[in-house]
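*Asks:* If you scroll down you'll find the structure; I have some questions about it.
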Amino acid sequence: MDSTGLEGEDVEYEVVLRFRRGGPAIFGAWSEFETADRKFTQWLGAWGQADAVLTLTAVVDSVVHPVKYWTAEGGVRAGAAGSV
């Protein structure tokens, strides 16, 4: 089940891991929320470190909807991560 409230929309889910704020990143995009959410968790376990920032967003018609993010100091949180 899609917890973003965007079910039925033409949505792409994106996961971005920045190794430090504003730094290099890896990126993935999926059409299913469950897959993107699983990748978010996998990347957090593999690459979550002190300076890393991990985000999961839903993109509909070029509009980005923040779903959740992670930082070492704040843990996993829902919504926008601010400037990453």
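The values are calculated or read from the model by the stated rules, or taken from the named source; none is laboratory data. Worth saying up front: this structure is predicted, and the values here are computed from it rather than measured. Every residue, glycine among them, receives a Cβ derived from its backbone with ideal geometry; neighbour counts consider all protein chains shown. Please note that ligands, DNA and RNA were not included when accessible areas were found on the heavy atoms of the full protein model with its side chains. Shrake-Rupley method; radii C 1.70, N 1.55, O 1.52, S 1.80 Å.
*Asks:* Restricted to the range 60-84, and to residues that are buried (at least 16 other Cβ atoms within 10 Å of the Cβ) and more than 11 Å from residue 17 (Cα to Cα), which residue is modelled with the lowest pLDDT?
*Replies:* Among those residues, the one meeting the criterion is 81.
*Asks:* Let me ask something else about it. Suppose we filter 25, 36 for residues that are of a type in the set (A, V, I, L, M), open to solvent by less than 70 Å² (accessible area, probe 1.4 Å), modelled with pLDDT under 95 and in contact with a Phe, Trp or Tyr (Cβ under 8 Å, 6 or more places away or on another chain); which single one remains?
*Replies:* Criteria check complete, one pass: 25.
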